[in-house]
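Just below is one structure, and these are the notes that go with it.
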Amino acid sequence: MFIFFIIISIVISFSIFILKNKIATNILPIVFLILLIMLSGYAYMNINKTENYFFTYDSLGVLFTFVLTILSIATYYFSRSYLKNEDYSSRKVSVYYSALIMLITAIMTTYFSNNFAVLWVSIEATSLFVSMLIFFERTKVALEAAWKYLFVSSIGIAVAFIGILLMGIAVSNYGLTDLSFGTLSNVVKSMNTYWLKISVLFIVAGFSVKLSVFPLYAVAVDAKTIAPSPINAIMSTALVNVGFVAFFRTFAIISHTPILAWTQNVLFIIGLFSIFIASIQLTRVKRLKRAFAFSTMEHMGIISLGLAVGGIGYYAVILHIVLHSFVKAGLFYQINKIHSIFKSKWINDFSAYFKINPLAGLSLILGFISVLAIPPSGLFVSEFLIFKALFLSHQYIIAVVALILLTVIMVILSKIFLTILFGNVQENIKVDKINPLGNIIQLSFFGLVIYLGINPPPFFMDLINSSISILN
Amino acid sequence: MNFLFIIIYAITLIYFAYSERVKKFVWLLSVQGFVLFGMVFSSLKEIEIFDFIFILTETILVKSIIVPWFLNRVRKHNGLKRIHEPSIPVFYSVIIVILTLILSFVLSNNILNSQMHTQFFTVAFASVIFGFYFIINHKNIFSHLVGYLIIENGIFMISLAVGNTMPLLVNLAVLLDIVLGILVLGVFLNRVGNTFQSDEINQLTELKD
């Protein structure tokens, strides 16, 4: 089934690219979305089944696929209005959809790959397709962002590949050639810890470019500042989840080896540095998308802390990343509206949004509450659990430092949000006819985040518990 | 025989540090492709036809012919002849690459693992480290692409050293990813040249707030 999904996706993407007409760009993406929904259902029905040797429908993959499917449908809806508003040629529209479909396919392949080499190939593929989408607006800054993203991503992923090859030493020692996560989990226990540590460092440093955390965070932030808003919604969520999958799979392999404590310390450093850098950079941002890009970095820092601390932190991490996906996607869809109303990308140009567009303002308030993890946001529950785990494991200094930094971030983001929502009305703003239906998706996402945090349904909890069972 | 190829590869690294002409960089990458083929071919115990075709494709066809041909087109499109002002003078670069080779040699001799072909590590580490140095030292983004390819060649040798043979399908996918990455980077590089009227990294500063 999965290999057919990949083949059909490639055919659909290629057809859109070749045909370059409205019928193809209107119908074929919908066909792809139907296929995506079918695959999500199929994966859930066949959980833990391995297909075509390299792909397994495990709980984490299924959970992220559900998120990706929902986000893909929403992104398609907002992409249509984005492309219509900007009045792009049918050739450019075909390139957009073609690259978007391939990006979603590559992300899906990453979620389900059960082999380090296949995971690496899929992640490299995501870099290629997303760079095309970053460059979509063909501006000078888009070109700069696309070049830097692809180049640094390629370097980062090459570094991760060195780590994967070094981890392969353990496999070679047993006369095997299989780099599947299952095999690696069994054999790395006997590997020289010195080599294993080097291997983990390379993998974590390399894939940090995808998770948007220290050390290779910069290009991802730049790219998120420039990419079209609907693409940003995928980049800050599903693509970041790709980085998380790479971190999680590596951590799962390491979790039963003598270097677990050392790896946890590495993750603590990554997490704290990421939150620290995000808090410093947020004081200087002038573009709204950049502020949200650093907010993503902050949340990924929290996730690194949760993964490092373990215990209840594992559950909280998965909950946090799922909820963050919906919150950040909703906010990026909202940014699309803000940009189109104010005809600007700079924070200083935005004000009185609540007065100009009350429903969208309400949606932004909910997004604001959600992303800052203020109750009743589901992110409050996950962050609370992560900090609870930190205190329970006596990591007081890390917890206190992180809390101070989060307070700084909260103050800065509150200032930005409150200015946008309730600042003085600008006289030169001309508001086109506002479609209230355009806010339903964002409101649903923010509502979903509250619901999943307060009252997670049993199947959702089962998927999270099943995902983390490998670590305990 | 392997040692001969390793020595030739080390010489290409020194030559990279010594060269200032962009055309020479492309030529050296092509030579490295042939040397890598020699390394793989001489270390094979038994030859299976599909493996042989794949190795031939990866090293000779891709690394020695297609990629250099494409880079030459990019070079001509952007009118690149000589690199301008590397951050560190050539003399010091040559010393640095020699030190890197010595360090890599010492490190490789301290690896105690019967399953690993440590002789490849002697230049593999040096190639990866030198690739990074090459990127940092040059301001031209074409040279950055060359640096990335030097790193890729180093990683190719690490895979030989580790002796981890992945399934052919996965190997093909890895190769395809890398080739596509280089092609897309090349296309972006051309556009950077057209848009910014320069290939210097100093010009790419519009993203900052």
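Here are the numbers for the structure shown:
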{"item": "Residues being buried (at least 23 other Cβ atoms within 10 Å of the Cβ) and either of a type in the set (Lys, Arg) or within 7 Å of another protein chain (Cβ to nearest Cβ) (or both) - total across the range A:152-164", "result": "3"}
{"item": "Enumeration of residues in the range A:195-225 that are in contact with a strand residue (DSSP E or B) (Cβ under 8 Å, 6 or more places away or on another chain) and either farther than 12 Å from A:Ala293 by Cα or not in a helix (DSSP H, G or I) (or both)", "result": "none"}
{"item": "Residue, farthest from the chain's Cα centre (by Cα), within the range A:155-193, restricted to residues that are of a type outside the set (Phe, Trp, Tyr) and not in a helix (DSSP H, G or I)", "result": "A:Gly175"}
{"item": "Filtered residue count, the range A:136-154, keeping only those that are of a type outside the set (D, E, K, R), farther than 18 Å from B:Ser198 by Cβ and either part of a loop (DSSP other than H, G, I, E, B) or touching a Lys or Arg at 6+ places or on another chain (Cβ under 8 Å) (or both)", "result": "2"}
{"item": "Condition check for A:Phe446: farther than 24 Å from A:Phe292 by Cβ and under 22 Å from the mean Cα position of the chain (by Cα)", "result": "no"}
{"item": "Test: residue in the range A:131-139 that is within 24 Å of B:Phe125 (Cα to Cα) and within 21 Å of the chain's Cα centre (by Cα)", "result": "no"}
{"item": "Candidates A:Arg284, A:Arg290 - the one that is charged (D, E, K, R), within 14 Å of another protein chain (Cβ to nearest Cβ) and part of a helix (DSSP H, G or I)", "result": "A:Arg290"}
{"item": "A:Tyr44 being part of a helix (DSSP H, G or I) and buried (at least 17 other Cβ atoms within 10 Å of the Cβ)", "result": "no"}
{"item": "Of all residues in the range A:168-183 being closer than 20 Å to A:Ser122 by Cβ and surrounded by fewer than 17 Cβ atoms within 10 Å (Cβ to Cβ), the one that is farthest from the other protein chains (Cβ to nearest Cβ)", "result": "A:Gly182"}
{"item": "Leading residue by the ranking (farthest from the other protein chains (Cβ to nearest Cβ)) among those in the range A:137-149 that are under 18 Å from B:Leu180 (Cα atoms) and surrounded by 24 or more Cβ atoms within 10 Å (Cβ to Cβ)", "result": "A:Tyr149"}
{"item": "Among the candidates A:Ser40, A:Ser90, A:Ser59, A:Ser98, residue that is modelled with pLDDT of 95 or more and more than 20 Å from A:Ile234 (Cα to Cα)", "result": "A:Ser59"}
{"item": "Those residues of the range B:12-69 which are touching a residue at least 12 places away in the same chain (Cβ under 8 Å), of a type in the set (D, E, K, R) and part of a helix (DSSP H, G or I), in sequence order", "result": "B:Lys23, B:Asp51, B:Glu58, B:Lys63"}
{"item": "Within the range B:171-198, tally of residues that are within 21 Å of the chain's Cα centre (by Cα), at the interface with chain A (Cβ under 9 Å from one of its Cβ atoms) and not charged (D, E, K, R)", "result": "12"}
{"item": "Search result, residues across the range A:66-118 that are closer than 26 Å to A:Met461 by Cα, among the small types (Gly, Ala, Ser) and in a helix (DSSP H, G or I)", "result": "A:Ser72, A:Ala74"}
{"item": "Residue that is nearest to the other protein chains (Cβ to nearest Cβ), among those in the range A:184-227 that are among the aromatic types (Phe, Trp, Tyr) and surrounded by fewer than 24 Cβ atoms within 10 Å (Cβ to Cβ)", "result": "A:Trp195"}
{"item": "Residue within the range B:111-131 that is over 26 Å from B:Leu44 (Cα atoms), touching a Phe, Trp or Tyr at 6+ places or on another chain (Cβ under 8 Å) and more than 7 Å from chain A (Cβ to nearest Cβ) present", "result": "yes"}
{"item": "Candidates A:Phe417, A:Phe459, A:Phe387, A:Phe445, filtered to the one that is farther than 25 Å from A:Ser279 by Cα, of a type in the set (Phe, Trp, Tyr) and buried (at least 20 other Cβ atoms within 10 Å of the Cβ)", "result": "A:Phe445"}
{"item": "Any chance B:Ser159 is among the hydroxyl-bearing types (Ser, Thr, Tyr), within 7 Å of another protein chain (Cβ to nearest Cβ) and surrounded by fewer than 23 Cβ atoms within 10 Å (Cβ to Cβ)", "result": "yes"}
{"item": "Which numbered condition A:Leu119 fails, given (1) within 18 Å of the chain's Cα centre (by Cα); (2) away from chain B (no Cβ under 14 Å); (3) more than 23 Å from A:Ile34 (Cα to Cα)", "result": "(2)"}
{"item": "Among the candidates B:Leu99, B:Leu207, B:Leu103, B:Leu107, residue that is at the interface with chain A (Cβ under 10 Å from one of its Cβ atoms) and either surrounded by fewer than 22 Cβ atoms within 10 Å (Cβ to Cβ) or not in a helix (DSSP H, G or I) (or both)", "result": "B:Leu207"}
{"item": "Residue list for the range B:138-148, restricted to those being more than 10 Å from every other protein chain (Cβ to nearest Cβ) and crowded, with 21+ Cβ neighbours inside 10 Å", "result": "B:His138, B:Asn140, B:Phe142, B:Ser143, B:Val146"}
{"item": "Meets criteria (within 14 Å of chain A (Cβ to nearest Cβ), more than 15 Å from the chain's Cα centre (by Cα), part of a helix (DSSP H, G or I) and closer than 26 Å to B:Leu189 by Cβ) for B:Val74", "result": "yes"}
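This table checks each residue for (1) within 19 Å of the chain's Cα centre (by Cα); (2) more than 20 Å from A:Pro375 (Cα to Cα).
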residue	(1), (2)
A:Ile318	yes, no
A:Val322	yes, no
A:Ser325	yes, no
A:Gln334	yes, yes
A:Ile338	no, yes
A:Trp346	no, yes
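The values are calculated or read from the model by the stated rules, or taken from the named source; none is laboratory data. For clarity, every value in this text was computed on a predicted model and none was experimentally measured. Glycine also receives a Cβ, built like all others from the backbone with ideal geometry; neighbour counts cover every protein chain displayed.
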